[in-house]
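The values are calculated or read from the model by the stated rules, or taken from the named source; none is laboratory data. Bear in mind that the values here come from a model prediction, so they are computed numbers and not experimental data. We place every Cβ from the backbone using ideal geometry, glycine too, and count neighbours over all the protein chains shown. These area figures cover heavy atoms from the full protein model, side chains too; ligands, DNA and RNA do not enter into them. Shrake-Rupley method; radii C 1.70, N 1.55, O 1.52, S 1.80 Å.
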Amino acid sequence: MSVWQVVFSGFDPADEGRREALCALGNGFFATRGAAPESTADDVHYPGTYVAGCYNRLRSEVAGREVEDESLVNAPNWLLLTFRIDGGPWFDLRRTEVLDHEQELDLERGILVRRVRFRDERGRTTGVVQRRFVHLGDPHLAGLDTALVAEDWSGRVTVRSGIDGRVTNSGVERYRALNGKHLTGHRAFESTPDTVVLHARTSQSGIHIAEATRTRVFADGAPLDAARTLLQQDELIAHDIDLDLTRRSEAQVEKVAALHTSRDAATTEPVSEVVDRVRCAPGFDELRRSHALAWARLHREFHCGLSTSEGAQRAVQLHLFHLLQTISPHTADLDVGVPARGLHGEAYRGHVFWDELFVLPTLTLRRPQLARSLLMYRYRRLDRARRAAAEAGLRGAMFPWQSGSNGREESQTVHLNPRSGRWLPDHTHLQRHVGIAIAHNVHHYYRATGDEEFLSEHGAEVLLEITRFFASLARYDRSRDRYVIRGVVGPDEYHTGYPGRAAQGIDNNAYTNVMTAWLCRTAAQVLRELPADRRHELVEQLDLRHGEVDRWKRIAQRMFVPFHGDGIISQFEGYERLAELDWEGYRRRYGDIQRLDRILEAEGDDPNRYQASKQADVLMLFYLLSAEELADVLGGLGYPMRPDTIPKNIEHYLQRTCHGSTLSAVVHAWVLARSRRQRALEFFDHALAADLHDTQRGTTREGVHLGAMAGSVDLLQRCFAGIEVTGGVLRLDPLWPTELGEMELSIQYRGQPLTITVTGRSATVRTAPGPTRTPITCTCGSRTVRLGPGETAWFSHEQRPWEEA
Ligand code: BGC
């Protein structure tokens with residue numbers, strides 16, 4: 001099996017949900033789960049099609065209160081294709097004897113192939129091969145091709161092919177008490193004898209979604225003029241097509257689908273667009289070829305090859321594949337953020353959290369315009385964030401923890417613990433640190449790309465307004481002569497308050513506080529670096545006074561950071577006074593304790609009582625800031641960093657974290673990479689396995705974990721290979737784990753395509769040939785090289801005393 005193939009053998013109803021998410025196909029504009037075309041939502045299958053940024057709000061009543069949720073809408077199912085033989089029952093694998101069943105995801109060409117052989121209740125054997133794609137080149141097209149072989153019978157097959165608009169959002173069991181009917185006003189018609197069209201509208205956001213499918217049948221490659229009956233049932237439209245098959249003959253059913261919404265660029269209205277598109281679209285094979293070409297180009301740009309470890313390579317390839325199906329070159333034309341669970345399922349309702357922190361670096365190094373467009377999603381919601389801050393009595397911009405259509409806070413106010421069956425108040429929206437992630441992304445993007453225009457026109461304003469927010473959140477505590485931040489939640493969501501204290505949130509989350517100090521320093525510096533004219537304009541526009549910037553500088557010197565023990569940075573103030581959890585006891589009793597919060601609540605206990613974290617929190621500091629940067633920030637605050645600060649804190653929190661978020665493995669692998677390679681590789685393996693092996697047991701079916709997927713690729717490039725682009729220099733500091741063989745990857749640096757090869761402490765940089773490119777500067781250790789087009793440089797880095805050989 002090649003590293004480009006992911007194969008699932010046999011029909012396993014219990015595993016179908018995971019396979020559907022892992023086999024989802026998409027192009028950044030929309031994605032469709034790998035559900036069987038004949039299926040409807042039930043306890044095995046869940047067909048889902050999601051259009052990027054297509055959200056709708058609904059009200060529901062749960063636990064005696066009315067709530068409003070915004071969700072990424074499940075659009076009509078264009079896949080619908082089933083058949084029956086001689087008027088018998090419609091095809092259903094559960095009612096046949098399955099002889100062979102295989103789903104093969106071809107990551108190279110972006111094709112999902114399903115091969116089935118079955119024997120029905122009358123002893124007839126039938127073979128079915130289905131291939132599908134969601135076109136990467138033309139984001140409004142998709143295709144499904146079905147070959148039916150009558151192995152040992154002759155008779156009439158009726159194929160039903162159309163669009164099922166009866167779908168709802170019901171893919172996540174714990175949300176099922178909530179209203180999930182987002183589509184309304186269905187209208188369906190036949191536009192030509194081989195094409196059906198379905199149009200619906202989202203009930204609150206009023207987005208029109210239109211789909212058209214054209215179904216053609218062939219025998220021995222020649223078109224068949226088969227008899228068709230139009231079926232229009234409730235919110236479903238289809239053609240029933242009669243085909244006469246003789247023993248060992250094959251019929252081919254080719255379905256080409258188009259999808260448009262009223263939000264699309266260069267369109268009049270979606271119904272005429274889809275009708276037009278399927279009318280002009282070429283056949284399946286021609287579309288498949290142009291689709292594969294579009295993938296080939298993207299694969300070249302995002303090439304990341306490991307010479308050994310086929311398993312790791314396949315997982316990396318799968319991660320890149322799903323990243324690029326969610327955020328594709330088409331994203332640059334859309335107003336969308338990074339949905340935490342891709343366009344692959346309904347967990348977290350398609351919301352955008354802080355996960356772009358883990359996603360952007362992989363894009364910035366190859367297609368910076370995509371990273372920029374994701375930052376623009378935030379910029380367009382800056383005013384909303386300003387209003388949110390003002391409503392909270394604060395200044396600047398308070399970005400929501402969970403964001404969707406217009407940047408309103410979309411976090412749920414109550415959530416269901418499936419273990420206890422109880423609905424509980426949810427305070428995770430207090431994760432103000434999302435703003436720090438946005439500011440960090442702006443800054444990182446600017447440093448990596450040197451995109452001054454972006455910084456000047458958009459980025460600086462976002463960064464300054466976020467700084468202003470955190471500075472106003474910080475209060476001066478006279479007794480300490482330091483600034484403090486109270487009532488927030490850090491990245492570790494298991495601590496949303498103090499046991500016995502009514503007020504929500506915890507005080508002085510070290511991550512938030514240290515990063516606020518970093519932000520205040522960075523904002524002052526960015527302001528200095530802006531062209532003078534623009535600086536004056538912004539200062540005037542934002543009414544930024546000297547006093548305010550001086551306050552930022554003071555915060556950067558006097559922010560409070562809690563410590564305990566011998567140099568341990570406390571996750572938050574009072575963390576060390578919480579009880580220690582009996583980790584061994586819980587592991588013995590429950591085995592998997594990743595969702596410790598649910599276990600404790602079901603026991604009538606509360607995670608807030610324990611020194612037990614869901615995910616990396618303090619350690620995020622070592623993830624985001626280099627040792628030198630952190631020493632600088634802490635030193636500036638008057639907390640000199642000792643040589644053992646990093647290893648000591650890693651050890652301390654490693655023992656108190658249950659990795660209930662897939663992001664945790666990425667961060668832990670990162671922070672351990674330079675000191676404990678074996679442990680780092682174990683975490684890297686966890687990150688690779690998170691979705692492929694559904695290590696959270698049951699969450700992958702609800703959507704992939706995009707942050708961990710992209711984060712694992714970023715680990716290879718920026719952490720293990722030590723690639724850093726900042727200040728106009730490409731720096732390399734490889735400490736590559738030789739267990740992974742050699743890595744070859746492509747990046748684009750300041751418009752130059754580069755191939756970098758890394759192994760151990762050595763690296764090679766090769767620039768693409770090109771007539772007139774400006775040379776780039778590469779540094780590794782004490783050596784700096786200028787590289788013109790078509791040149792190669794070899795580097796070997798010296799070992800540092802604390803690094804593992
Ligand atoms: C994690 C968050 C993350 C969110 C979406 C949660 O489980 O705790 O850090 O942003 O999932 O991926």
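Some observations on this one:
- Matching option when the condition is closer than 27 Å to R478 by Cα, within 16 Å of the ligand (Cβ to nearest atom) and in a loop (DSSP other than H, G, I, E, B), among V618, V561: V618
- Top-ranked residue in the range 189-224 [being of a type in the set (G, A, S) and buried (at least 23 other Cβ atoms within 10 Å of the Cβ); ranked as nearest to F133 (Cα to Cα)]: A212
- Subset of the range 741-752 [under 15 Å from V729 (Cα atoms) and at pLDDT below 95]: Q748, Y749, R750, G751, Q752
- Taken over the range 497-528, the residue count meeting the criterion of being closer than 22 Å to S472 by Cβ and either part of a loop (DSSP other than H, G, I, E, B) or within 16 Å of the ligand (Cβ to nearest atom) (or both) is 9.
- Any strands (runs of 3 or more DSSP E) falling wholly within the range 73-183 and containing at least 3 residues that are of a type in the set (D, E): 97-106
- Selection from the range 547-573 of residues that are among the β-branched types (V, I, T) and either in contact with a Cys (Cβ under 9 Å, 6 or more places away or on another chain) or more than 20 Å from R642 (Cβ to Cβ) (or both): V549, I555
- R277 satisfies every condition listed in (1) in the same structural domain as R19 (by TED's automatic domain parsing); (2) within 14 Å of the ligand (Cβ to nearest atom) except (2).
- Meets criteria (under 26 Å from D543 (Cβ atoms), modelled with pLDDT of 95 or more and of a type in the set (V, I, T)) for V434: yes
- Criterion: in contact (Cβ under 8 Å) with a residue 24 or more places away in the chain and crowded, with 18+ Cβ neighbours inside 10 Å - qualifying residue of F572, F563: F572
- Residue count for the range 345-359, restricted to those that are in contact with a Gly (Cβ under 6 Å, 6 or more places away or on another chain) and not in a helix (DSSP H, G or I): 5
- Pick from the range 474-492, criterion more than 13 Å from R558 (Cα to Cα) and surrounded by fewer than 24 Cβ atoms within 10 Å (Cβ to Cβ), ranking: nearest to the chain's Cα centre (by Cα): V488
- Enumeration of residues in the range 513-532 that are of a type outside the set (V, I, T) and surrounded by 16 or more Cβ atoms within 10 Å (Cβ to Cβ): N513, M515, A517, W518, L519, C520, R521, A523, A524, L527, L530
- Qualifying residue in the range 571-588 (condition: more than 24 Å from T522 (Cβ to Cβ), touching an Asp or Glu at 6+ places or on another chain (Cβ under 6 Å) and at pLDDT 95 or above): yes
- Out of R386, R341, R366, one residue alone is within 12 Å of the ligand (Cβ to nearest atom) and touching a residue at least 60 places away in the same chain (Cβ under 8 Å). It is R341.
- For the range 674-687, the set of residues classified as open to solvent by less than 10 Å² (accessible area, probe 1.4 Å) and either farther than 15 Å from Y623 by Cβ or away from the ligand (no atom under 15 Å from the Cβ) (or both) consists of A680, F683, F684, listed by residue number.
- Qualifying residue in the range 661-673 (condition: away from the ligand (no atom under 16 Å from the Cβ), crowded, with 20+ Cβ neighbours inside 10 Å and farther than 24 Å from H440 by Cα): no
- If the condition is being part of a helix (DSSP H, G or I) and touching a Ser or Thr at 6+ places or on another chain (Cβ under 6 Å), then the range 719-744 contributes only L740.
- The number of residues in the range 701-718 being assigned to a helix (DSSP H, G or I) and more than 10 Å from the ligand (Cβ to nearest atom) comes to 12.
- Scanning the range 647-660 for residues that are open to solvent by less than 40 Å² (accessible area, probe 1.4 Å), part of a helix (DSSP H, G or I) and closer than 18 Å to P562 by Cα turns up N649, I650, H652, Y653.
- Whichever residue in the range 621-644 is assigned to a helix (DSSP H, G or I) and touching a residue at least 60 places away in the same chain (Cβ under 8 Å) and, among such residues, is nearest to the ligand (Cβ to nearest atom): L624
- Against the list (1) more than 22 Å from L298 (Cα to Cα); (2) of a type in the set (A, V, I, L, M); (3) in the same structural domain as G781 (by TED's automatic domain parsing); (4) free of Cβ contacts under 8 Å to residues at least 60 places away in the same chain, the condition V671 fails is (3).
- Of the residues R750, R718, R766, the single one that is over 25 Å from V338 (Cβ atoms), charged (D, E, K, R) and surrounded by fewer than 21 Cβ atoms within 10 Å (Cβ to Cβ) is R766.
- Taken as a whole, the range 73-80 holds at least one residue that is of a type in the set (A, V, I, L, M), crowded, with 23+ Cβ neighbours inside 10 Å and out of contact with any Pro (no Cβ under 9 Å at 6 or more places or on another chain).
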